[in-house]
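Below is one structure, written out as structure tokens; comments come after it.
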Amino acid sequence: MILASPHGEKYHRLLQACRALPPTATAVAHPCDATSLESAIEAGRLGLIQPLIFGPEARVRRTAAAAGLDLGDIPIQDTPHSEASAEAAVAAVRAGKAAALMKGSLHTDELMRAVIARDTGLRTARRISHCYTMDVPGHADPLIISDAAVNVVPTLAEKQDIVQNAIDLAQALHFPEVRVAILSAMETVNPELRSTVEAAALCKMADRGQITGALLDGPLALDNAIDPAAAAAKQIRSDVAGRANVLIVPDLEAGNMLAKSLSFLAGADAAGIVLGARVPIILASRADSLMTRLASCAVAALLAAARRATPAAAVA
């Protein structure tokens, strides 16, 4: 399985899985600091992406020179400021010049405004959502966590798309079986706790074919979602309980705290990607390591490859 790493290696199998793929043409919006520029250059050197830079050319070149980075023959489209960089990068995607979008040093809000612009953006019929693909030390399988960065308090209809986006990601990463746990604070349906009711509804939606490509169970608490002993202790019997590899959180606060707890207390790495737009969006954090940023590029490359292989399955 891609990313499974019993020796604690950080995403090396993920990067290796991309070696047989052609580089994904990627519009890089405003990489005007050393961290984001190095990420784009290194991902290009490894063949994960073919970077196309959109930003103030003089500033990009100064940043590269100061950091000792070699831009080589990477094309740069000169733009006056970050907002224009985001708009130009999105326009390149719309024109078919790029199959992925990558955030540089601009604010996430600036990039996402260009992405969701009604007439000029990258909207689809699917709700846009964020997924972390996490390599957790001591845990045999990778974990996908969604949504911890985009949707603040999603509705049931929005959660349906969040779940489907996460399933699409797991399939692109070649999970042999996608097992989705809809998380809450408890594993029984309680009308006073909305997340438990919505978890049950999502599972029934999967039964009726409104969500496809995975096994779903919920509501599940975190312990009995990922730990077989905890599931057995609560006498929860399902194909997901204790074995989940996709975790759907009730809201952004829960997801953000879960992902950061795993990162800062358990030493996990979290590769971030945004789905539901016309192309995958690489949305790395300034605090991410270079390896994590490269892993995010690899995830985008695998998503782009999956869309090329099955165009009919691409989000419309």
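Here, each number is a calculation from the coordinates, and none is a lab measurement. Keep in mind the model is a prediction, meaning the values are calculated, not measured. Quick reminder, even Gly has a Cβ in these numbers, built from the backbone with ideal geometry, and neighbours come from all protein chains shown.
The table below gives the values:
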| read-out | value |
| --- | --- |
| Relative contact order [Cα under 8 Å, 6+ residues apart], region 35-135, whole percent | 22 |
| Cα Rg, Dmax, region 107-147, angstrom units | 14.8, 46 |
| Prolate/oblate/rounded label for region 142-181 (Cα gyration tensor, a/c 1.5) | prolate |
| Region 216-316: translational diffusion in µm²/s, Stokes-Einstein, Kirkwood Rh over Cα pairs, 4 °C, 1.567 mPa s | 82 |
| Pairs of Cα atoms farther than 19 Å apart, region 108-237, % | 54 |
| Range of Cα positions in region 219-259 per principal axis (Å), largest first | 29, 15, 15 |
| Selection from ALA34, THR120, GLN210, by position along the positive dipole direction of the chain (Cβ) | THR120 |
| Simple Cβ-charge dipole of region 159-301, Lys/Arg +1 and Asp/Glu -1, about Cα centre, in debye nearest 20 | 200 |
| Unit charges on C-beta of K, R, D, E only; dipole of the chain, Debye | 620 |
| Sequence-distant aspartates and glutamates (8 or more away, or on other chains) whose Cα lies within less than 16 Å of LYS234 | GLU187, ASP217, ASP223 |
| Cα lying deepest toward the dipole's positive end in the chain, options ALA99, GLY55, ILE248, charges on Cβ | ALA99 |
| Net charge over other residues, Cβ less than 13 angstrom from the Cβ of ALA67 (K, R count +1; D, E count -1) | -1 |
| Cα centre as origin, Lys/Arg/Asp/Glu Cβ charges: region 127-227 dipole, Debye | 300 |
| Alpha carbon convex hull of region 260-311, volume per residue in cubic angstrom | 82 |
| C-alpha center-to-center spacing [region 71-93, region 223-269] in angstrom | 39 |
| Antiparallel DSSP beta bridges within region 171-316, as percent of all bridges there, nearest 5 | 20 |
| Amide H contacts of GLN77 (H built 1.01 Å from N, under 5 Å, at least 5 apart or other chain) | ILE53, PHE54, GLY55 |
| Beta bridges per DSSP with both ends in the chain, % antiparallel, nearest 5 | 30 |
| THR26 long-range amide H proximity, modeled H, under 5 Å | GLN50, LEU52, ALA99 |
| Region 222-275: trypsin sites (Lys or Arg not before Pro) falling in loop per DSSP and having at most 15 other Cβ within 10 Å | ARG237 |
| Value of D in µm² per second that Stokes-Einstein yields for the chain, Kirkwood Rh from Cα pairs, at 25 °C (0.890 mPa s) | 124 |
| Computed lengthening from VAL153 to GLU192, 0.36 nm per intervening residue step minus Cα-Cα distance | 12.4 nm |
| Whole-number D in µm² s⁻¹ for region 57-128, Kirkwood Cα-pair radius fed into Stokes-Einstein, 4 °C, 1.567 mPa s | 96 |
| Angle between the chain longest axis and helix 252-265 axis [Cα atoms, degrees, rounded to 10] | 80 |
| On Cα atoms only, tilt of 290-309 relative to the major axis of the chain in degrees | 80 |
| Tail beyond 23 Å, pair distance distribution of region 160-275 (Cα, percent) | 26 |
| Cα long-axis angle, helix 156-172 against the chain (0 to 90 degrees, to the nearest 10) | 70 |
